[in-house]
Amino acid sequence: MNIDFSPEELAFQQEVKQFLQEKLPADISERTLDEIPLGKEDYERWQKILYEQGWAATNWPVEYGGTGWTPTQKYIWANECANFGAPDVIPFGFKMVAPVIFTYGSEEQKQRFLPDILASNVWWCQGYSEPNAGSDLASLKTTAVRDGDEYIVNGTKTWTTLGHWADWIFCLVRTGGPEVKNQAAITFLLIEMNHPGITVSPIMTLGGHHEVNEVHFDNVRVPVANRIGEEGHGWTYAKVLLTHERTGIARVATSKKRLQTLKKLAGDTCDGDTSLLENPAFAQKLAEVEIDLLALEFTELRALAAVSTGNAPGPESSILKIKGTEIAQLIDELYMETAGYYGMPFVREQFKSEFDGEHVGPGVITSSVPRYLNNRKSSIYGGSNEIQKNIISKWVLGL
Amino acid sequence: MDFSYSEEQQMLQSSVCKFIQQDYDFDRRSKLIDSDTGFSEDNWKLFAELGWLMVPFSAEDGGLGGSAVDLMVVMEEFGRGLVVEPFLASAVLSGGLIANGANEAQKRELISLLMEGQLQLAFAFAEPQSRFNLSDITTKAVRNGDSYVVNGHKAVVLNGSAADKLLVAVRTSGGQHDCEGITLLLIDANTEGVHRQGYATVDGHRAAEVKFNNVMVPVANRVGEEGAALPVMEQTIDRATLALCAEAVGAMEKIYKKTVEYTKTREQFGLAIGKFQALQHRMVDMFTEYEQARSILLMAALQLDVNNGVAPKAISAAKSRIGKAARLVGQEAIQLHGGIGVTEELDVSHYFKRLTTIQYLFGSTDYHTRRFAGH
């Protein structure tokens with residue numbers, strides 16, 4: 001048993017640090033560390049830098065332009081990115097649709113779509129959930145009716161994250177008639193967003209963010225060539241997508257960095273005669289979260305170690321999403337507690353890069369409440385934590 | 001990155017596992033608990049023959065290397081079997097004090113006897129008022145020529161009644177809470193003035209209240225320097241705490257799996273109760289706690305052998321997290337078993353009892369959370 005990095009891994013870590021030091025734009029790093037949402041232009045700038053370096057697609061095979069990194073290298077990358085304040089790449093292209101395309105797509109589709117994802121030329125969003133199909137995703141109602149070489153798509157997708165930035169959307173649609181069993185009627189389509197029949201309407205979330213949208217399809221004609229694999233097999237492809245790239249789902253590196261920042265903030269925050277960090281009740285809560293995160297880091301390392309020795313990750317990997325989001329949400333609360341009164345101001349314009357007025361309250365602290373509000377989503381998305389428990393119950397415990 | 005066991009560790013694990021499966025079923029354990037000594041002398045001899053008593057000791061001391069991972073391997077299996085033989089109290093805790101604090105002559109004599117299974121030791125550190133504070137010591141040793149004269153009361157001494165010799169933490173100088181002035185003395189259990197009141201503990205182990213009334217102890221029986229025992233005690237208790245954590249993880253694995261199996265067979269309302277989502281999610285929580293406990297145990301075991309000063313913090317992280325997990329897993333196992341869970345006849349209740357005492361032994365969950373935060 002041994003968790004020390006090898007000399008090659010240590011050298012890689014140095015290379016990563018040097019790259020981040022030299023190439024990560026200071027304004028992006030600053031905003032990321034202050035937990036202020038970035039704009040599309042920021043992501044584009046950073047992802048193109050990664051593309052130049054050949055490090056944009058950490059989860060793709062080398063033949064398609066991926067890094068081919070080992071799990072340990074990915075772990076090192078995630079940690080250093082969190083430390084330096086490098087934002088995560090937007091996942092919809094790189095981590096969601098690309099694996100489906102390179103696993104199930106045709107040669108033509110691979111050549112057509114993958115290079116533009118890699119270079120961040122084309123932005124994607126995900127069309128899965130519908131107003132009445134959330135956790136029960138297979139009950140979706142958006143239809144695609146075949147008409148010659150095209151499908152005609154009608155319906156509504158919702159919770160479409162960054163749909164307003166996207167050029168393309170990957171969708172699950174219903175192709176079979178009512179006689180076909182739910183999951184066997186689902187097909188995976190790639191749809192260009194500039195179609196006149198598509199309207200994107202924003203949904204404002206409780207923290208005042210515009211991240212998610214409703215996407216309406218009104219007789220949208222989609223070439224059959226944009227279908228992935230076979231008709232009626234979309235559910236299988238989507239499931240692969242949902243289980244792809246579980247490493248990193250716990251966001252351990254980000255939570256570690258946030259705790260480190262939080263400790264400093266709490267240490268600088270007065271609480272009577274001492275600092276908040278020395279307040280026994282606060283310190284106890286902080287220590288409990290830190291300890292649970294330490295355990296989770298090793299749970300993730302156990303899963304990584306299994307993968308790197310060529311085995312499937314063990315049952316421990318199934319808890320990563322639940323624990324990762326629970327811990328992140330507890331950290332959100334500790335930030336709010338640290339913010340005290342400065343959790344109150346809701347001055348959205350001061351987080352814009354062009355803002356030149358007087359900032360109300362100290363930087364990261366004033367974003368703590370919006371962040372808390374926004375992050376309530378994490379235990380709901382990607383299969384709510386209750387759905388995760390159903391999955392563990394069935395597949396791990398055999399109940 | 002590699003979390004797999006070496007070939008030697010795998011052999012050690014399978015040898016302990018085989019013993020538990022073949023010779024340590026619940027009925028036999030129950031008989032041992034009710035016996036006079038509370039454990040089996042024969043088992044103890046077998047542990048020695050199989051080399052298990054050598055596991056906690058370094059190669060220089062004649063042992064198998066004493067790595068934390070080796071210790072974890074053995075203790076996890078002991079946890080699965082709820083072993084009551086005093087491996088932790090005698091070999092790990094008391095043996096560890098000898099290995100860490102004694103001079104060469106003492107080590108030669110005592111460690112070989114320990115490893116051969118010829119010697120039972122107990123470490124008397126706690127006092128009625130001390131709770132988890134290792135430096136809170138009122139038991140006094142006053143120098144008188146070539147002897148110390150010892151007076152005081154040691155509380156809940158694990159393996160205290162079976163022990164041939166007691167390692168006693170006494171105060172040779174300073175005030176009740178001072179870190180300096182604490183000394184370790186090796187006292188023959190039959191020395192005049194030593195009074196032992198042995199008893200069973202709720203988890204099926206044995207302990208004793210030990211009182212010292214003008215007990216004469218030769219200066220030659222001092223272990224380590226006078227007044228400087230606290231760091232050695234802390235270091236050794238940290239190692240014993242890791243062993244205890246491993247025992248808890250083994251016990252938790254057993255009990256969560258037993259609970260899952262039970263709910264697959266127990267029917268109510270015409271269904272296996274494991275079909276009810278309210279129960280399924282509770283079992284997923286048990287599973288999650290167990291996995292987190294295992295993860296932090298591995299973290300602590302790997303840190304304990306690295307001499308970089310982080311061991312105490314790592315151990316406290318593990319004890320805190322595992323204590324929390326032990327509470328949930330134990331309580332839920334009883335709850336999901338329903339009525340049968342609160343009976344003495346079912347093994348689950350015995351796992352629960354051990355998982356309960358483990359939460360407080362060597363410092364409670366909250367104590368270790370605070371210790372973690374303070375480092």
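Considering only A:273, A:292, A:332, give the residue with the highest GNM mean-square fluctuation for chain A, with springs between Cα atoms whenever their separation is below 10 Å. It is A:273.
The distance linking segment A:184-236 with segment A:271-298 is 44 Å (Cα centroid to Cα centroid, whole angstrom).
I'd like the distance separating the alpha-carbon centroids of segment B:88-121 and segment A:352-399, in whole Å. The distance from the Cα centre of segment B:88-121 to that of segment A:352-399 comes to 53 Å. The ranking of B:299, B:75 from fewest to most other beta carbons within 10 Å of each one's beta carbon is B:299, B:75.
Segment B:126-171 and segment A:16-69 have their alpha-carbon centroids 61 Å apart. In this structure, the amide hydrogen of residue B:188, modeled 1.01 Å from its nitrogen in the peptide plane, lies closer than 5 angstrom to those of B:166, counting only residues at least 5 positions away or on a different chain. Across segment A:252-396, the mean sequence separation of Cα contacts (distance under 8 Å, 6 or more residues apart), normalised by length, yields a relative contact order of 21 percent.
Between amide H atoms placed 1.01 Å from N, distances below 5 Å from residue A:167 occur with A:123, A:124, all of them 5 or more places distant or on a separate chain. As an exercise, identify the GluC sites (Glu not before Pro) in segment B:330-362 lying in DSSP coil whose Cβ has no more than 10 other Cβ atoms within 10 Å. In loop regions of segment B:330-362 (DSSP not H, G, I, E or B), the sparsely surrounded GluC sites (Glu not before Pro) are B:344, B:345.
When chain B is treated as a GNM with alpha-carbon contacts under 10 Å, the residue of B:94, B:130, B:320 showing the greatest mean-square fluctuation is B:130.
Projecting label points 7 angstrom from Cα along Cα→Cβ for residue B:7 and residue A:344 puts them 7.0 nm apart. Taking all Cα pairs closer than 8 Å and separated by 6 or more residues, the relative contact order of segment A:123-237 comes to 30 percent. With a sphere of radius 11 Å drawn around the Cβ of residue A:202, what net charge do the other residues whose Cβ falls strictly inside it have (Lys, Arg +1; Asp, Glu -1)? Spelling it out: positives minus negatives among the neighbours equals -2. Couplings for segment B:89-101, taken from phi via the Karplus curve 6.51 cos²θ - 1.76 cosθ + 1.60 with θ = phi - 60°, read 5, 8, 7, 6, 6, 6, x, x, 5, 4, 4, 7, x Hz in order; Gly and Pro are left as x. Note that segment B:46-56 has calculated 3J(HN,Hα) couplings of 4, 4, 5, 4, 7, x, 5, 6, 8, 4, x Hz, one per residue in order, obtained from phi through the Karplus relation 6.51 cos²θ - 1.76 cosθ + 1.60 (θ = phi - 60°); glycine and proline are x. Dividing the summed helix terms, -39500 (n - 2.57) for each DSSP H run of n ≥ 4, by the number of residues in chain B produces a 222 nm estimate of -16000 deg cm²/dmol to the nearest 500. Taking other residues whose beta carbon is less than 11 angstrom from the beta carbon of residue A:145, and scoring Lys, Arg as +1 and Asp, Glu as -1, yields +1. The relative contact order of segment B:231-374 comes to 30 percent, based on Cα pairs under 8 Å that sit 6 or more residues apart. Taking label positions 7 Å along the Cα-Cβ direction at both residue A:52 and residue A:27, the computed distance is 1.6 nm, reported to one decimal.
When the Gaussian network model of chain A links Cα atoms closer than 10 Å, the mean-square fluctuations of A:194, A:59, A:219 top out at A:194. Placing pseudo-labels 7 Å out from each Cα toward the beta carbon at residue B:275 and residue A:146 gives an inter-label distance of 3.9 nm. Within the shell defined by Cβ-Cβ distances under 13 Å, the residues around residue A:219 carry a net charge of -2, with Lys and Arg each +1 and Asp and Glu each -1.
Structure shown: which of A:321/B:264; A:321/A:394; A:389/B:264; A:239/A:389 lie over 20 Å apart, alpha-carbon to alpha-carbon?
In this structure, A:321/B:264 exceed 20 Å between Cα atoms.
Laboratory data are not the source of any read-out in this text; all were calculated from the coordinates shown. Keep in mind that what you see is a predicted model, and the values were worked out from it rather than measured. With ideal geometry, Cβ positions are generated from the backbone for all residues, glycine too; neighbour counts draw on all protein chains shown.
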